[in-house]
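> Let me give you the structure first, and then I'll get to my questions.
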Amino acid sequence: MEIYGLLIDWQMVLHYFLHLGFPFLVAWLFFRKEWKKAGLIMVLTLVVDMDHLLASPVFDPDRCSINFHPLHNYWAIGIYFAGVFYEKTRLVAIGLLLHMSTDLLDCL
Ligand SMILES: [Zn+2]
């Protein structure tokens, strides 16, 4: 959508909302008592994108991260899924699964 020469990439806006905003919504819905802390923990799982540094080029907007980067492959996602069942790792695991779901949208 172009407004006065300003090009807005809505897919990118959605991507960053899902990475940075949506975890707080999930936290507010399911971890109401400590939603700010829960949301922050989930957003901090963005560090999983450090595995992009192993790739060349580091950033490629047209690349599908899922099954390309080591922490974005199906094995890793299986471990994140298992983490949901343990209270201590639950928030990190949910954050990582939300992250993978968001990255997966870019592969469609
Ligand atoms: Zn990612």
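The values are calculated or read from the model by the stated rules, or taken from the named source; none is laboratory data. Quick caveat, the model's predicted, so the values are computed rather than measured. Reconstructed Cβ throughout: ideal geometry from the backbone, glycine too, with neighbour counts over all protein chains shown.
> Is it fair to say residue 85 is within 15 Å of the ligand (Cβ to nearest atom) and either of a type in the set (Phe, Trp, Tyr) or part of a loop (DSSP other than H, G, I, E, B) (or both)? So that I can check it myself, show each step before the final result.
Details: within 15 Å of the ligand (Cβ to nearest atom): no; either of a type in the set (Phe, Trp, Tyr) or part of a loop (DSSP other than H, G, I, E, B) (or both): yes.
No; evaluated as a whole, the condition is false for this residue.
> Write out, first by first residue and then by second, each pair whose Cβ atoms fall under 6 Å of each other, whose residues are 6+ apart or on separate chains, and whose first residue, in the range 14-30, is farther than 12 Å from residue 41 by Cα while the second is among the hydrophobic types (A, V, I, L, M, F, W, C) and at pLDDT 95 or above.
Filtered contacts from the range 14-30: 28/35.
> Here's another thing I want to ask about it. Would you mind finding the one in 58, 43, 48 that is within 14 Å of the chain's Cα centre (by Cα) and within 17 Å of residue 106 (Cα to Cα)?
Details: 58 fails: within 14 Å of the chain's Cα centre (by Cα); 43 fails: within 17 Å of residue 106 (Cα to Cα).
Every option except 48 fails the conditions.
> When you check residue 15 against the structure, is it crowded, with 17+ Cβ neighbours inside 10 Å, within 23 Å of residue 108 (Cα to Cα) and within 14 Å of the ligand (Cβ to nearest atom), yes or no? Before you say what the answer is, go through the steps one by one.
Working: crowded, with 17+ Cβ neighbours inside 10 Å: no; within 23 Å of residue 108 (Cα to Cα): yes; within 14 Å of the ligand (Cβ to nearest atom): yes.
Here the answer is no, as residue 15 does not meet what is asked.
> Being away from the ligand (no atom under 16 Å from the Cβ) and outside any helix (DSSP H, G or I) is the filter here; which residues of the range 28-81 pass it?
Selection gives 31, 56.
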